[in-house]
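Encoded as C-alpha cells, the structure appears first; notes follow it.
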Amino acid sequence: MDTEGAAARRGAAGGRALPGPPEGGVPPQESARYIVVKALEDGVTIMGLTRGRDTRSHHSEKLDRGEVMVAQFTDPTAARKVRGRAEILTDVGRVESGV
Ligand code: TRP
C-alpha cells in the first residue's frame, strides 16, 4: 500500500522513495534527477539552491581538478550553481562553466 509517508518522501523531486528512510535528514530518492560535474581546475564550487519562494545556497562543495561529483535534485535542492571551470552533464545536455 502507498502510505502517506511514502508519498511525502517522494516529494517535489518526484523520485521513488527507497524503503527505510533514515531518521531525520533527507530521505534517499532512487530516481531523482541528477547531474554530473567534473572540475577542470582546482577550487570549483557546486552550490545547492533551495526550493520554494526564496533561492539561497544551503550547501556548497569544493572540487579539485579531475574530481567528479554526481549530484541529485532533491526536495530541498531545486537548482545548482557551479562556479569555476567545469564540465557539466545533465539530461538536457553538456555545458562548460567558467569559460
Ligand atoms: N527557489 C527556486 C524555485 O524553487 C529555485 C530555482 C529553481 C531556481 N529553478 C531555478 C533558481 C532556476 C534559479 C534558476 O523555483
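The values are calculated or read from the model by the stated rules, or taken from the named source; none is laboratory data. On a predicted model such as this, the values are computed, not experimentally measured, just so you know. Ideal geometry is used to build each Cβ from the backbone, glycine not excepted, and the neighbour counts take in all protein chains shown.
A few remarks follow.
- Failed item in (1) within 15 Å of the ligand (Cβ to nearest atom); (2) in a strand (DSSP E or B), with V70 passing the rest: (1)
Yes/no per residue for (1) closer than 15 Å to V37 by Cα; (2) surrounded by 15 or more Cβ atoms within 10 Å (Cβ to Cβ):
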| residue | (1), (2) |
| --- | --- |
| L49 | no, yes |
| S60 | yes, no |
| L63 | yes, yes |
| E87 | yes, yes |
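Listed here are the residues, each with its yes/no results for (1) touching a His at 6+ places or on another chain (Cβ under 6 Å); (2) within 16 Å of the ligand (Cβ to nearest atom); (3) in a strand (DSSP E or B); (4) at pLDDT 95 or above.
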{"residue": "D2", "(1), (2), (3), (4)": "no, no, no, no"}
{"residue": "A8", "(1), (2), (3), (4)": "no, no, no, no"}
{"residue": "G14", "(1), (2), (3), (4)": "no, yes, no, no"}
{"residue": "G25", "(1), (2), (3), (4)": "no, no, no, no"}
{"residue": "S31", "(1), (2), (3), (4)": "no, no, no, no"}
{"residue": "V36", "(1), (2), (3), (4)": "no, no, yes, yes"}
{"residue": "G52", "(1), (2), (3), (4)": "no, yes, no, yes"}
{"residue": "D75", "(1), (2), (3), (4)": "no, yes, no, no"}
{"residue": "A79", "(1), (2), (3), (4)": "no, yes, yes, yes"}
